[in-house]
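Asker: Here it is: the structure, laid out below.
Bear in mind that the values in this text are calculations on the coordinates, not laboratory data. Because the structure is predicted, anything quoted here is derived from the model rather than measured. So basically every Cβ, Gly included, is an ideal-geometry build from the backbone, and we count neighbours across all protein chains shown.
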Amino acid sequence: MQKAISVLCAAVLLAAVTTSCAATAGTGGSAGSAASTPAPAAQTEAVTLTVYLEAPYTQEGVHYPVYEALKAYDEAHPEIELEFVSPVGGANDPAKREEQIHQLNTEIITGGGPDVFVMGTFRYTDSNLFPDVVKAMGNHAFLPLSAYAQAAGFQRDAYIQPALEAGQMDGEQYILPLSVSVPLFVGGKDAVEQSGFATEAAAKNQAAFFEELYRTLEGNGAQVLYALSLTNLLQQPLIDYAAAEVCLDTEPVRQALETEKTFATSQLNFFGSYDPAQIQAMAAGTPLGTVEMSDCALSILRPFAAQGVKAFVQAVPNEDGGITAQISSYAMANANTAYPEQAAALLYYLMSAECQDAAAYPSTTEQLPVRVASLGNALQSFHQFIVYDASHETVSAEDIAFRESVFGADLSDDMVQALQNACERVSAAHFHSVWEHALQLGQSETGDDLLTEAMNEYLYGDKPLDQLIEELTPRLQMYLDE
């Protein structure tokens, strides 16, 4: 049996693309994971579930794992039909996208909108659906999911617990995290060891890590690539929604902001990870390494693997010595859905071993699955997709050879284990940083995003830290109390 699966234009909700889907579902989950969900009770006619998924992932010729998995689910469940609400990419037509997002928001407010949302954190425009997903959760925008977990065979012990907890409110699961990224220090193993960098001292907490890194760099006259938002990587979030508190004026936040100013203004700001000569330079210790989120750091580790370079990997700790992850993709059901059982079953399917192993979550970079045991398979699956499968109907042998040279090789078992160890140490997880257009506090006098401009004035200008905290705390508290 074959079923039609369609992609809807969010602006008018009309069928825009209809394709033939012949993919079949996989074998389902294994022990200790969420198994593929059973079909709901028989229906007299198929239930139509509308699924919000960004347009890049719904392109038939590209074969993104998340779209392939959803098509497989649709094919395996004759009692449902999936229709995709896919706004145009903001890079192509920002005005059109914002118009579509505005209409979707209006539909949701008035009791409609898509049944299911499958979200990535990459923003195509500043105006997006649920820019503050935690606040939307507190406003009861999403369907409570806990009651459907047992029927789905969901075994939460197999997953990164703080990531699951980030999608909870008052003990109820509203949002299912699909993938995360963690902060890493990556470099050539020999070069980092020869530099005298003390890994045990650096593992104590965030302040100790950067004190040790600064000591090492100062002693060797070396530099690192730095690309982190340290306040987003603290155990304590800047905005504590549960306690209704703004946590800017605390010692860990002050320490993080001071460290960030030091590294953001004094370290390298560019490194071409796809350049073999620069990879060789990093292997030799010039620069000593890169300090960034794992979705970017993997673009260093894979070329290292391709060139036979032994890599050094250490997770950057938070203020308590654990690791704070950033949730990269997540899914939830509309509180307005007329089909809660079917919507919840689809969401828990995305948490299954089948989907987590396949890296079936919306992302244009390599993410780490929330199911810990799926990490090795997910990294292999995404690498297979990005090098060999993407647009495979049209990619030539020459293109594949170029992709292999650009994206590097599969990681060794040791590297996969190092990443898995980091995931097992995650003690906190956050959906976004307040500095990156996630909170809408309005525009500054120059027309720029208020939070972003204030942060840049502190990092790269003359704004004192005390002034930054004094200006933003009442604004953030007002936002929180709205």
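Asker: How would you rank 182-193, 55-66, highest first, on the average number of other Cβ atoms within 10 Å across their residues?
Answerer: So the peptides 182-193, 55-66, ranked by packing, come out 182-193, 55-66.
Asker: THR106 to GLU193: FRET efficiency via 1/(1 + (r/R0)^6), r the Cβ-Cβ distance, R0 45 Å, to the nearest 0.05? Intermediate values should be presented prior to the final figure.
Answerer: Numbers: r = 57 Å, r/R0 = 1.28.
The value I calculate is 0.20.
Asker: What is the spin-label model distance, in nm, from ASN220 to VAL395 if the labels are put 7 Å beyond Cα along the C-beta direction?
Answerer: 3.5 nm
Asker: Assuming 0.36 nm per residue, please report the length gained on full extension of the stretch GLU165 to GLU45 beyond their Cα-Cα distance.
Answerer: 39.5 nm
Asker: What is the fewest-to-most order of GLU107, GLU398, GLU54, GLU424 by other Cβ atoms lying within 10 Å of their Cβ?
Answerer: GLU398, GLU424, GLU107, GLU54
Asker: Using Cα positions and a limit of under 22 Å, work out the lysines in reach of LYS310, with same-chain residues fewer than 8 apart set aside.
Answerer: Answer for LYS310, where 22 Å is the Cα cut-off: LYS189, listed by chain and number.
Asker: Please report the equivalent ellipsoid semi-axes of the chain, computed as sqrt(5 x eigenvalue) of the Cα gyration tensor, largest first, in whole Å.
Answerer: Semi-axes, largest first: 36, 28, 21 Å.
Asker: By how many nm would the segment from GLN380 to GLU404 grow when fully extended, if each residue of separation counts as 0.36 nm and the alpha-carbon distance is taken off?
Answerer: Using 0.36 nm per residue and subtracting the Cα-Cα distance, I get 7.3 nm.
Asker: Over the range 334-426, what lengths in whole Å, largest first, do the semi-axes of the equivalent ellipsoid take, defined as the square roots of 5 times the eigenvalues of the alpha-carbon gyration tensor?
Answerer: Taking √(5λ) for each eigenvalue gives 29, 21, 9 Å, largest first.
Asker: Grab the alpha carbons of the range 128-190, take their convex hull, and tell me the volume per residue in Å³.
Answerer: Cα-based convex hull of the range 128-190, divided per residue, equals 140 Å³.
Asker: Shifting gears a bit: If one takes the longest principal axis of the Cα atoms in the chain, at what angle in degrees, from 0 to 90 and to the nearest 10, does the Cα axis of helix 397-407 lie?
Answerer: 50 degrees
Asker: For the range 441-481, max minus min Cα coordinate along each principal axis, in Å, sorted largest first?
Answerer: 30, 23, 12
Asker: A further question on this structure: Could you give the length gained on full extension between LEU441 and GLU341, defined as 0.36 nm per residue of separation minus the Cα-Cα distance, in nm? Each step should come with its number before you reach the end.
Answerer: Working: separation 100, 0.36 × 100 = 36.00 nm, distance 3.64 nm.
Length gained between LEU441 and GLU341: 32.4 nm.
Asker: Specify the angular offset, from 0 to 90 degrees and rounded to the nearest 10, of the alpha carbon long axis of helix 340-350 from the longest principal axis of the alpha carbons in the chain.
Answerer: On a 0 to 90 degree scale, this one is about 40.
Asker: Would you mind checking the tilt of helix 251-266 against the longest principal axis of the Cα atoms of the chain, expressed as 0 to 90 degrees and rounded to 10?
Answerer: Tilt of helix 251-266: around 70 degrees.
Asker: So the label point goes 7 Å from the Cα of GLU424 along Cα→C-beta, right? Which residues of the range 307-346 then have their backbone N under 19 Å from it?
Answerer: Only 313-318, 321-325 pass the distance filter.
Asker: Then there is this: Return HIS77, HIS432 ranked ascending by Cβ neighbour count within 10 Å, so the fewest neighbours appear first.
Answerer: HIS432, HIS77
Asker: Ok, one more. May I ask what percent, to the nearest 5, of DSSP beta bridges between residues of the chain are antiparallel?
Answerer: 60 percent
Asker: In a Debye calculation with equal point scatterers on the alpha-carbon sites of the range 141-300 and no solvent, what is log10 I(q)/I(0) at q = 0.14, 0.16, 0.17 Å⁻¹?
Answerer: -0.84, -0.98, -1.04
Asker: For LEU411, LEU288, LEU465, what's the fewest-to-most ordering of other Cβ within 10 Å of each Cβ?
Answerer: Final ranking by Cβ density, sparse to dense: LEU465, LEU411, LEU288.
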